[in-house]
Structure formats: C-alpha cells, structure tokens
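K.L.:
Dumping the structure here so I can ask a few things about it.
The values are calculated or read from the model by the stated rules, or taken from the named source; none is laboratory data. The model shown is predicted, which means the values in this text are computed figures rather than measured ones. Every residue, glycine as well, gets a Cβ built from its backbone with ideal geometry; the counts of neighbours run over all protein chains shown. The accessibility values were calculated without ligands, DNA or RNA, using every heavy atom of the protein model including side chains. Shrake-Rupley method; radii C 1.70, N 1.55, O 1.52, S 1.80 Å.
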Amino acid sequence: MTKYDGIIVGAGIVGVSIAYHLSKLGYSKLLLIDKGGVASGITGICPGGIRQQWGTEINCRMAKAAVQFYENINTHLEPEETIGYSSVGYMYTFHSEEAIENYKKNKELQNKLGIPTEFLTPEQAAEIVPGIDQESFKLASYCKTDGFVDDAYHVTQGFADAAKRRGATVINDEVKKVLMEGQRVTGVQTKKRGEIHADFVVNAAGLGSKELAATAGINLPISFETRRILYTNRIEKRLIEPLLISFEKGFAAKQLSDGVLYMSYLGESEKKLSSFEFKMKAAEVGMEIFPPLEQVEFRTHTDGVYDSTPDHQAILGDVDGVEGYYQAVGMSGHGFMMAPIIGETLADLIDGKEPSIDIRSLHMNRFKEDKLLFEPSVV
Ligand SMILES: Cc1cc2nc3c(=O)[nH]c(=O)nc-3n(C[C@H](O)[C@H](O)[C@H](O)COP(=O)(O)OP(=O)(O)OC[C@H]3O[C@@H](n4cnc5c(N)ncnc54)[C@H](O)[C@@H]3O)c2cc1C
C-alpha cells in the first residue's frame, strides 16, 4: 500500500494552499482528502475579500504577504482560466469620535508595516463611493491595495490543480480518525478506503477540525458562529467598487463583478432574526450609509459559519506530544485571505525551515499559557 509523505485533511482554501506550498518544496507524495471535494466547505460560499486593515501585527503582516500573493496569483498557480483579482480597496466608515480614536492605533500599525491605509473625509470618501451619505459618518479609512477575488472556488481549484501537477493526489473520502502509534501519527482512518499511512498529517478540516483533532486527543477551543450573506438582483450600473464596512452599524456591502451586490448585517441579534427581518435590517442600515441601495432588490441569503477561536485568530503549527501532526484551523472568518501565507508558513514549518513570518504567536500553546492575541477588527 502507498505510504504518503503527508496527508492533508480538508481541501478548502487552507488545505489546498498547504498542499501547493509543500509540493513546491518538493513533497510529491501528498494526499489531499476531502469528504465533499475541493471547496465543498465554507470556502465554497466565501465571497473572497482580502484586506490588510487589521489590528494585530501578525494579521497585518500575514495579510500583506497574502495580498502580494493574490496580486500575482496567475503567475503562481498558472490556472487553466485566468483568476480575476482586483485591488478594489476596503473602506470603513466611522460614526463616532470613540470609534475613530480606537481605530487610529490600527491605522498607525498598518502604516508602520507598509500598508497604505489612509483616513478620508466624507467628501473624499464620496469620490470613491459616489452616493455614500456624507452626513451619516464622520471619517472613513481606506486601503486601496485591499482586494477581492470574486470566485473562491476557482482560486481553490487553482491551488489544488497546481499541487496535482507536482504529484499531489486529491480524493473524496471522509477521515474518521487520526492514527497514532504511541505519540506518533502514522496516518488516517478513512470511511471508504480504510487506513492510509503517511509521515505527517495536517488538520485543515475547517468546521470538521475540532472533531478530527479530538481523535488525536487534542481539544481545540473552537466555537461556531453563524454569518449570513444577502444577495441582490444583478445591477447593470456599477454602484460600489470597494468593500464598504461599518463596524458600528454592523454592515458590509460589495458589488461583485457580475453586478450582484452582496451584503451582510452583522448586528448582535443577527442569529435571532428571521430571514425577512434580516433582509429588512440589512436594507435599513445599508440605506442609512449608502442610499443608492434603494434601487436594488434584496433576494436570497446564504447562511455560513465561522470556526472561531477565543481571540479570533487562527491556530497554526504542531502540537506538543503529538509527533507528525500539524494544524491550520480556527480561521475565525478570515481564512480565505490568509490562506496563501498560512500555506507557505505551514509548509516551511513541516519542512523544518524558518517561515518568512514568525507564526509562533498563533500556536495552540497560547491558550494554556494565557497569551491570547485578541484581534479587534473581525467583521
Ligand atoms: C459568510 C462568510 C463570509 C466570509 N467572507 C470572507 C472573506 O471575505 N474573506 C476571507 O478571508 N474569509 C471569509 N470568510 C471565511 C472563510 O470563508 C473561511 O475562513 C475559509 O474559507 C476557511 O477555509 P478552510 O479551508 O479552513 O475551511 P473549509 O473551506 O470549510 O474547508 C475544510 C474542508 O474540510 C473538509 N472536511 C471536514 N472534515 C473532514 C473529514 N473528517 N474528512 C474529510 N474532509 C473533511 C470539508 O468538507 C471542507 O471542504 C467568510 C466566511 C463566511 C461564513
């Protein structure tokens, strides 16, 4: 029976990026296993926003590196069909002095790290988002190099294909447990194919990661949070290019390249709202900031889930006492944008190389050492 260099469980954006980066380091006998196929998990519903406007240094550094990757994604992955990436920018509106004060330190941190975030007056913001209600907010922050990929599936398949060209195998199967001999991982037990052996196993199973980790005796501090996205009808006219977000109002909106607008209302009571109430609330807060939304029809919505950690940061790296096991889990709502650099750093770590970004602060040990790294800018 084939023994693999490594098995990666989960062919979402995180798993495929790890496979791609390992394959670039020369690992040709890799097995990527997904119970539903490439991008069949949360990645499949991800709209594809990529931003660098974060409040912790590690996230700013990782997002900046990820943007550099996404800007050159077609050169890296050489996909069959060109992947469309656009530097449309992210704009945040602030509605109170308190919110502006709080955000100032994030902007300083971003600028210090070379991220070109700028503050805009409502008048300046209206030049980028015509029609925005200038009376409804006091200041905006805008980073023009934040970007967007409209098609998360295409990107994910692109990573998987690039890994396959270097020898990786992708299969549909469910991993029931991580196999161990003493403290060493030896492979996985699958539903259809039985035992498959490898030198290392990477848990990149997204919403299934907690259950999978438990089979190796690892208790992941991950909880699940519902997030809804609302889609409108297709609008011919370009209404809004950047991703527009208001933390205070709990609102986010962006027009996709096909003309459809996607929106979200992230208010605290979101989970308790019926579909109709959710649409009404999103429309109400959206129109307060961006009145041209009067022209759109609020049609469908999709319910997604965040795999969140207590500090809203991913959990990356190995696990003490479980040799040959690695994890890239708990993406807390920003796994798509961070995936390129997570893949690169995890692959380096597995290969025994120094990663280009020090990700030790995102190791699981931070929970037992009480070194949580709270990210304040989660949408
Ligand atoms: C509404 C919404 C909007 C979002 N918007 C953004 C955004 O704009 N930008 C951004 O960066 N992020 C965004 N995110 C978050 C982003 O989508 C996720 O963080 C990211 O897609 C997670 O990728 P993943 O590979 O970790 O997980 P997944 O995509 O869920 O992949 C995990 C895979 O593992 C497989 N699996 C699980 N258990 C097993 C098992 N036992 N055996 C075999 N296979 C298994 C699943 O089938 C799945 O395909 C959003 C999320 C939501 C819900």
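K.L.:
Calculate how steeply helix 152-165 sits against the longest principal axis of the alpha-carbon atoms of the chain, using the helix alpha-carbon long axis, and give the answer as 0 to 90 degrees to the nearest 10.
P.N.:
Between helix and principal axis, roughly 30 degrees.
K.L.:
Just the number, please: percent antiparallel of the DSSP beta bridges in the chain, rounded to the nearest 5.
P.N.:
Among the beta bridges of the chain, antiparallel pairing accounts for roughly 70 percent.
K.L.:
Would you mind getting me the FRET efficiency between Ser361 and Leu25? Use the beta-carbon distance for r and R0 = 25 Å, nearest 0.05.
P.N.:
Working: r = 23 Å, r/R0 = 0.93.
Efficiency computed from Cβ-Cβ geometry: 0.60.
K.L.:
Now for a separate question. Highest first, please rank the peptides 88-98, 352-362 by the mean number of other Cβ atoms sitting within 10 Å of their residues.
P.N.:
In descending order of packing, they fall as 88-98, 352-362.
K.L.:
Work out the charge dipole of region 172-253 with +1 on the Cβ of Lys and Arg and -1 on the Cβ of Asp and Glu about the Cα centre, then indicate which of Ser223, Phe200, Ile240 is farthest towards its positive end.
P.N.:
Ile240
K.L.:
By average Cβ neighbour count within 10 Å, what is the ranking of 157-165, 128-136, 318-326 from highest down? Before the final figure, lay out the partial values.
P.N.:
Details: 157-165: 22.2, 128-136: 15.6, 318-326: 17.8.
Result, highest mean first: 157-165, 318-326, 128-136.
K.L.:
In debye, nearest 20, what is the charge dipole magnitude of the chain about its Cα centre with +1 on Lys and Arg Cβ and -1 on Asp and Glu Cβ, if you could check?
P.N.:
880
K.L.:
Which whole-angstrom value gives the distance between the alpha carbon centres of region 325-376 and region 49-115?
P.N.:
18
K.L.:
For a Förster distance of 56 Å, can you work out the FRET efficiency between the beta-carbons of Lys112 and Asn172, rounded to the nearest 0.05?
P.N.:
0.80
K.L.:
Taking only protein heavy atoms into account and a 1.4 Å probe, give the accessible area per residue of the chain in Å².
P.N.:
Ligands and nucleic acids excluded, the result is 42 Å² per residue.
K.L.:
What order do you get for 12-21, 178-187 when each peptide is scored by the mean count of other beta carbon atoms within 10 Å, highest first?
P.N.:
Numbers: 12-21: 30.7, 178-187: 16.9.
The most tightly packed comes first, giving 12-21, 178-187.
K.L.:
Divide the volume of the convex hull of the Cα atoms of the chain by its number of residues and quote the answer in cubic angstrom per residue. Walk me through the numbers before you get to the answer.
P.N.:
On the way: hull volume 51.2 nm³, N = 379.
Roughly 135 Å³ of hull volume per residue.
K.L.:
Sticking with this one: Quick one: ranking Arg238, Arg51 by accessible area, 1.4 Å probe, largest first, what do you get? Please list the in-between numbers first.
P.N.:
Working: Arg238 100, Arg51 10 Å².
Final ranking, largest accessible area leading: Arg238, Arg51.
K.L.:
Defining a contact as two alpha carbons under 8 Å apart and six or more residues distant in sequence, what relative contact order in percent does region 182-290 show?
P.N.:
16
K.L.:
Hey, another quick one. Using only protein heavy atoms and a 1.4 Å probe, report how much of Leu120 is accessible, in Å² to the nearest 10.
P.N.:
That residue has around 10 Å² of solvent-accessible surface.
K.L.:
Right, next: What is the percent carbon and sulfur in the accessible area of the chain, measuring with a 1.4 Å probe over the protein chains and ignoring ligands? Present the calculation step by step, with values, prior to reporting the outcome.
P.N.:
Values: 7580 of 16030 Å².
Result for the chain: 47 percent of the exposed heavy-atom area is carbon or sulfur.
K.L.:
Under a no-solvent Debye model with one identical scatterer per Cα of region 107-241, what's log10 I(q)/I(0) at q = 0.14 Å⁻¹?
P.N.:
-0.95
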